[in-house]
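So the structure is just underneath, and the comments pick up after that.
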Amino acid sequence: MLRIQNVSKTYPNGTQALKNVSFDVADGEFLVVIGLSGSGKSTLLRCINRLIEPTEGKIVWDDVDITTASPAELRQIRRKIGMVFQQFNLVKRSSVLTNVLSGRLGYANPWASLLGIWPQEDKQRAMQALERVGIAEKAHSRADALSGGQQQRVGIARALMQDPKLILADEPVASLDPVLSHSILQYLEQLNKDGITVICSLHFLDLVHRYATRVVALKDGVKVFEGTPNEIDRAKFKEIYGEEAQEVRAASL
Amino acid sequence: MSKQVSTAIISALVPGLGQFLLGERYRGSGILIGFLLILATTLWYGQPLWYLSPLSIWLWNVWDAFHLALGRRHSVLLPLAFGLAAAYGIGWQVVEIDFSRANMERAIAILRPMTRPDFIQPRRELNQMWVPVEVPCSSQPPAARRDEGGRAAFVMPDCGRVSETLIVSVSGLWPNTATDIYWQTPIGNSLMLGEGEITMLTLPTDENGALTTTIRVPTTALVAAPDPTLPQFHRVYFEQSRPIGGYELSFIGSEVLKGALATVSMALMATGLAVLFAVPLSFLAARNLMSGNPLTYAIYLIVRTLLNILRSIESLIIAIVFVVIVGLGPFAGMLALALHSVAALGKLYSEVIEGIDPGPIEAIRATGANWLQVVRYAVIPQIIPPFTAFTIYRWDINVRSATVIGLVGGGGIGFLLIELIRVNNMRGVSAVFIAIAAIVIVLDYFSAKLRERLV
Amino acid sequence: MPLPRLLRNTLITALVIAAFVISYRVTEADFPRLLRDLPKGRELLTAFLTPDIVQRDLETRTISIAFPIPCGSAAVEDSPPSQGPRLVPGVNCAAPLEKFTLEGFDLQPNSEVVIRWRLPNERTMTAIRTQTDAKGYFRQEVQARPIQATVNGIPSRLEVDTLTPVGGLKPSQALKDVMDNMFVTIFMALLSTTLATLIAAPLSFLAASNITRKGCIGTAVYYAFRSFFNLMRSYDPLVMATVFGFWLSFGPFPGFLALTVVTIASLGKLFSEAVENIDPGPVEALQAVGAPSLHTVRYAVVPQVIPDFVSYIIYHWDINVRISTIIGFVGGGGIGYYLNLSINDFKWNQAGTAIWAIVIVVWMMDFLSAEVRKRLT
Ligand SMILES: Nc1ncnc2c1ncn2[C@@H]1O[C@H](COP(=O)(O)OP(=O)(O)O)[C@@H](O)[C@H]1O
Ligand SMILES: [Mg+2]
């Protein structure tokens, strides 16, 4: 159970990216965060694993307060939270295998891993993760030799290495074409069915309807909606996306 | 004979040939060149230990040829490591690296005065008195005493030989003030009278401004005398100074400022002069303009080659030649910088000309413009911004070079630096270092700003 | 053109002109002198263009005769044979300061001749050089000096060496010395670039804002290293070498150290900029994974910066070879030191050899480093 309680974030330059946002995420949910670009989705997701420090509020995960965790505790928490990024965030010049293995850094022996030495067990686990996302044969290619969809699958495999209980996916398909989008989200859906909680920010409403078990909508940093996908009707949509968003909706629904 | 054995034997005879014949061209020639290079180096710098390196590479090469013929490729990391080991080992020996020579006491002795750069000094007033003394004694030495402006000084006895002890006395100076006492020979050399004749003898005056002490006639007092048996008048000096408030530029400080100005001026003049010559030359060195007929192409080749040769000779070396021709001083340094810059700028400019876009030229020509108009409206607008950017870049480099050109007599702040080091004036050296950093950092900043605005 | 802009442009032009006028005076520019003295440079240039590369072995033959000063102080030489190599002075003996002619017959033809006195105490003095003609004849005016006087009945002797080139051409001593010193130069550049890389690479992370500039201490460290790099970079390695030479006395070692210090600063700056320009995504990803910060650097930053680092190292190795060719001028050892010595001894041909060696090596390095860097990108 993840509880987000009255979280606000003000950036040093004065931008208020989140304003008093609260909601709960039950274990096993596939929660989708929607909102216009700049509405604070990325900020919200990064507050959960404290890549960004929230200015106010509390985030409690399984009765542990993430917001007040010490650096060492935070690393313990982070290694249970996988993250998938819009721009994949792979080290382009490293091999796919190394990228996947680096997902294990929260667990690995600090000295051996600093020298690039990995236990056989971790390597096997990495190959399994790659098999699970269907690109085991690419393990020794350089990451930038892969297509966008394949790179995102590497990103998911890296998250799997963490043995996560929660996956944060920040617009994982925004850089991909629609067909690939579905395949990536299907992997996430599969993981969700296997018991991992997923919090995912998305742009396209059709994807929301297809994958989400629950939806949270942000507008200018304020939570404007929380409910099931079916509850988003025309009026709600306008409220979230604004009047001029008509066309986009037509196109995306 | 099996293929791998024959390949191995071929590679044993000529390293890399076996690999080459197996179709591994790069590997084969790489092995040969690397082997010969290392072998030549070790032969030149023969030390038995380093022969291990070419030997190991040779052995590896035979082994590699054998395995390659079997279809097994190995990493070249191993021979590379052998080669590097030899290179660094020989290098270490040749460069005479010896960290035990790094004497920390001496470093501190050099660095401590550098914390007090000699740039400005408190304004002081001087109170100076001297008395003549004959060395060696004549038959009738005149009285060694002197009165001036209420001050009196004398020496007892009236004359002396080298290393003899004399009593000196002075009165009427400022009371309770440290007084430097030193010797001056007839030709004006100042000699110190303190411990071992390498420190200044400094004593305070009493409350009446008087002082009496013994000194020894310096052992070097007669070194430069034409005839050591001829009695001559030397002087004993008494010198006091006291602050009178405020600060003034010290002598070294003013020299540093002059040097800094000369450095910047040299760079400016050199860059200006270089531009004058480099612009016409760059057209002659532009391939696209000169490849029309054999004559112009020959000119192109000659100009290009000359520019390339000049460019690879550091301005410091050119400076030596100019020092021989026009003598020591900033003019020689400026000419050297200018000549080197002509070559460097000529090359950069000509590359700009070679890279201009033919589109605009065609377009202007299509409007019926004549040759001059084409140059004015299609060529010049394209080359002015990069020319200017390269010129500013060059001026930047020239300022840096101008700081060192003085080291070979080319004038500017480098000349001052080497003079100060020669006389062990580390406070002055420190002032020079500050000035150099200030010049370079400030001009760096401005030229970066200027170039930013241009592009 | 609007008036303020016109005014501004006029002002800038005036300032530039003023700057050039001041510079002209400060640099003591004297172009008439340059034109007048340019012929002096001709001699230099011809010497540079005929570098000392090959030489032939010299065969030395020596003959001598006794020559009493003053007359009667010792027995004079028997009258010389009328055939074979022989020395014939115009007089058999001479008073001090008297001048006489010395002739040599049937010596080695077309050879260099060195005439000197061998004093009674076996010391030699006053070498005069001349040349024999095709028949092996030379003639030279010699002066008898008091110091060459007979001692205890032993007269001084006039000795003549003829130096005849024999055998084929072989590499000259100058060429060998140049090669020797070139080695020192190249190794100096290699070692200093390597050492500087080893030091600058870790330090550069401390001067990269995206890695270090966090919190109070981090910011302080960042500014400290940044300013250190900027300050040290402003010194030419030769300026540094003067002080290092003063500290460690002369030789390649202080030159190597000076080069290393400046290269650390320069590479440190370039490296830290490369680190600052990385894609921050992977860093974020590894932070999210719970990796310790050192590991984040190792896995997310290092792989990204390696190509830039390598390219900068090669570029600097090229620069350092150039600089180490001249660092010897301030006592840093290597080819520059040799060149400086040759010039101070007015051995222009020898200097020419060194200069050509520098040109060739610099060209080769230029070419190599450009090729390697082209491959890398
Ligand atoms: N590092 C930052 N510094 C200042 N403002 C930021 C920063 N990151 C994001 N913002 C601002 O915060 C708001 C929310 O951004 P973000 O969370 O990225 O939105 P989304 O992911 O929904 O597009 C935007 O107005 C954005 O400009
Ligand atoms: Mg976003």
Discussion item. Looking for something in contact (Cβ under 8 Å) with a residue 24 or more places away in the chain, out of contact with any His (no Cβ under 9 Å at 6 or more places or on another chain) and part of a helix (DSSP H, G or I) - is there at least one such residue anywhere in region B:238-254?
Written reply: yes
Requiring at least 1 residues that are of a type in the set (A, V, I, L, M) and farther than 30 Å from residue C:300 by Cα, the strands (runs of 3 or more DSSP E) wholly within region A:140-253 are A:214-219, A:222-227
By my count, helices (runs of 4 or more DSSP H) wholly in region B:281-344 with at least 3 residues that are at pLDDT 85 or above, within 14 Å of chain C (Cβ to nearest Cβ) and within 27 Å of residue C:36 (Cα to Cα) are B:294-312, B:315-326
The condition from (1) under 18 Å from residue B:408 (Cβ atoms); (2) touching a Pro at 6+ places or on another chain (Cβ under 8 Å) that residue C:376 misses is numbered (1)
Here the residues within region A:151-204 that are over 13 Å from the mean Cα position of the chain (by Cα) and within 15 Å of ligand 1 (Cβ to nearest atom) are A:175, A:203, A:204
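Considering only region C:194-209, I want to know if a residue exists there that is open to solvent by 10 Å² or more (accessible area, probe 1.4 Å) and among the small types (Gly, Ala, Ser). It would help to see each step written out before you state the result.
Within region C:194-209, the subset open to solvent by 10 Å² or more (accessible area, probe 1.4 Å) is C:194-195, C:197-199, C:201-203, C:205-206, C:209.
Filter once more, so that each one left must be among the small types (Gly, Ala, Ser): C:201, C:209.
For region C:194-209, residues open to solvent by 10 Å² or more (accessible area, probe 1.4 Å) and among the small types (Gly, Ala, Ser): present.
If you check residue C:116 against the conditions, is it at pLDDT 85 or above and assigned to a strand (DSSP E or B)?
yes
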State whether one or more residues within region C:39-55 are touching a residue at least 40 places away in the same chain (Cβ under 8 Å), among the aromatic types (Phe, Trp, Tyr), closer than 30 Å to residue B:262 by Cβ and not assigned by TED's automatic domain parsing to the domain that holds residue C:352. yes
Of the conditions (1) more than 14 Å from every other protein chain (Cβ to nearest Cβ); (2) closer than 30 Å to residue C:312 by Cα; (3) open to solvent by 50 Å² or more (accessible area, probe 1.4 Å), the single one that residue C:167 does not satisfy is (2)
Could you check, for region C:18-40, whether at least one of its residues is open to solvent by 70 Å² or more (accessible area, probe 1.4 Å), within 12 Å of another protein chain (Cβ to nearest Cβ) and acidic (Asp, Glu)? yes
**Asked** Within region C:93-109, is there a residue that is loosely packed, with under 15 Cβ neighbours inside 10 Å and touching a Cys at 6+ places or on another chain (Cβ under 8 Å)?
**Response** yes
Filter region B:408-455 for residues that are of a type in the set (Phe, Trp, Tyr) and out of contact with any Pro (no Cβ under 9 Å at 6 or more places or on another chain); the one that is farthest from the other protein chains (Cβ to nearest Cβ) is B:446
Of the residues in region C:362-377, those that are β-branched (Val, Ile, Thr) and within 9 Å of chain B (Cβ to nearest Cβ) come to C:362
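Considering only region C:262-271, I want to know if a residue exists there that is among the small types (Gly, Ala, Ser), facing another protein chain (nearest Cβ under 7 Å) and buried (at least 17 other Cβ atoms within 10 Å of the Cβ).
No - not one qualifying residue is present in region C:262-271.
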Going through region B:40-50 in order, the residues found to be at pLDDT 80 or above and surrounded by 15 or more Cβ atoms within 10 Å (Cβ to Cβ) are B:41, B:42, B:50
Per the filter on region A:182-207, residues open to solvent by less than 70 Å² (accessible area, probe 1.4 Å), within 16 Å of ligand 2 (Cβ to nearest atom) and more than 14 Å from chain C (Cβ to nearest Cβ) are A:200, A:201, A:202, A:207
Apart from one, (1) modelled with pLDDT under 90; (2) in a helix (DSSP H, G or I); (3) within 21 Å of residue B:316 (Cα to Cα) all hold for residue B:410; the odd one out is (2)
Subset of region C:70-99, residues within 22 Å of residue C:153 (Cβ to Cβ) and among the β-branched types (Val, Ile, Thr), comes to C:76, C:91
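Restricting to region C:279-303, name every residue that is assigned to a helix (DSSP H, G or I) and open to solvent by 40 Å² or more (accessible area, probe 1.4 Å).
Our first condition is that a residue be assigned to a helix (DSSP H, G or I); within region C:279-303, this holds for C:281-289, C:293-303.
C:284, C:287, C:293, C:294, C:298, C:302 - these are the residues of region C:279-303 that are assigned to a helix (DSSP H, G or I) and open to solvent by 40 Å² or more (accessible area, probe 1.4 Å).
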Next on the checklist: So for region C:353-369 (the condition being outside any helix (DSSP H, G or I) and without any contact (Cβ under 8 Å) to a residue 12 or more places away in the chain), does at least one residue qualify?
Outcome noted: no
Condition set open to solvent by less than 70 Å² (accessible area, probe 1.4 Å) and part of a strand (DSSP E or B), scope region A:1-15, selection farthest from ligand 2 (Cβ to nearest atom): answer is A:5
For region A:74-109, the count of residues that are over 22 Å from residue A:24 (Cβ atoms) and more than 16 Å from ligand 2 (Cβ to nearest atom) equals 23
Pairs returned, first residue in region A:209-230 that is in the same structural domain as residue A:27 (by TED's automatic domain parsing) and open to solvent by less than 50 Å² (accessible area, probe 1.4 Å), second residue that is basic (Lys, Arg) and not in a strand (DSSP E or B), beta-carbon separation under 9 angstrom, 6 or more apart or interchain, are A:217/A:236; A:218/A:41; A:224/A:236; A:225/A:236; A:227/A:236; A:229/A:210
Taking region B:356-395 and keeping residues open to solvent by 60 Å² or more (accessible area, probe 1.4 Å) and closer than 14 Å to residue B:288 by Cα leaves B:357, B:358
Of the residues in region C:144-164 that are open to solvent by 60 Å² or more (accessible area, probe 1.4 Å) and not aliphatic (A, V, I, L, M), the one that is nearest to residue C:65 (Cα to Cα) is C:157
message = Quick check on region B:181-189. Is at least one of its residues modelled with pLDDT under 90 and touching a Ser or Thr at 6+ places or on another chain (Cβ under 7 Å)?
response = no
Q) Just to be sure, is residue B:51 of a type outside the set (A, V, I, L, M, F, W, C), farther than 20 Å from residue B:93 by Cα and without any contact (Cβ under 8 Å) to a residue 40 or more places away in the chain? A) no
Those residues of region C:308-349 which are open to solvent by 40 Å² or more (accessible area, probe 1.4 Å), in contact with an Asp or Glu (Cβ under 9 Å, 6 or more places away or on another chain) and assigned to a helix (DSSP H, G or I) amount to C:308, C:322, C:349
Check your understanding: Mind checking whether some residue in region A:89-103 is within 16 Å of ligand 1 (Cβ to nearest atom), under 26 Å from residue A:175 (Cα atoms) and aliphatic (A, V, I, L, M)?
Key -> no
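The values are calculated or read from the model by the stated rules, or taken from the named source; none is laboratory data. Remember, it's a predicted structure, so these values are computed and weren't measured experimentally. With ideal geometry, Cβ positions are generated from the backbone for all residues, glycine too; neighbour counts draw on all protein chains shown. We work out accessible area using only protein heavy atoms, side chains counted, and drop any ligands, DNA or RNA first. Shrake-Rupley method; radii C 1.70, N 1.55, O 1.52, S 1.80 Å.
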